[in-house]
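Everything on this sheet refers to the single structure shown next.
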């Protein structure tokens, strides 16, 4: 059983070692899109919270 675990872990490490390569243009574009979407969501949430604070809402979380 130990040997099976060692073989499985070695196989996983071999697969992960391929992830260290430089990102291609499609991967970089995807990461940039994720950043833009996250920034937009954060801005909407911040604006919502500011509006609730100005309206003296009891619950200012959005």
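Taking label positions 7 Å along the Cα-Cβ direction at both residue 43 and residue 60, the computed distance is 2.2 nm, reported to one decimal.
As a proxy for reagent exposure, 5, 51 were ordered by neighbouring Cβ count within 10 angstrom, fewest first; the result is 5, 51.
Calculate, for residue 53 and residue 31, the FRET efficiency according to 1/(1 + (r/R0)^6) with r their C-beta to C-beta distance and R0 25 Å; round to the nearest 0.05. List each step's numbers first, then the result.
Values: r = 33 Å, r/R0 = 1.32.
With R0 = 25 Å, the Cβ-Cβ based efficiency is 0.15.
No lab work stands behind these numbers, since they all come straight from the coordinates. Small disclaimer: the values here were computed from a predicted structure and weren't measured. Glycine also receives a Cβ, built like all others from the backbone with ideal geometry; neighbour counts cover every protein chain displayed.
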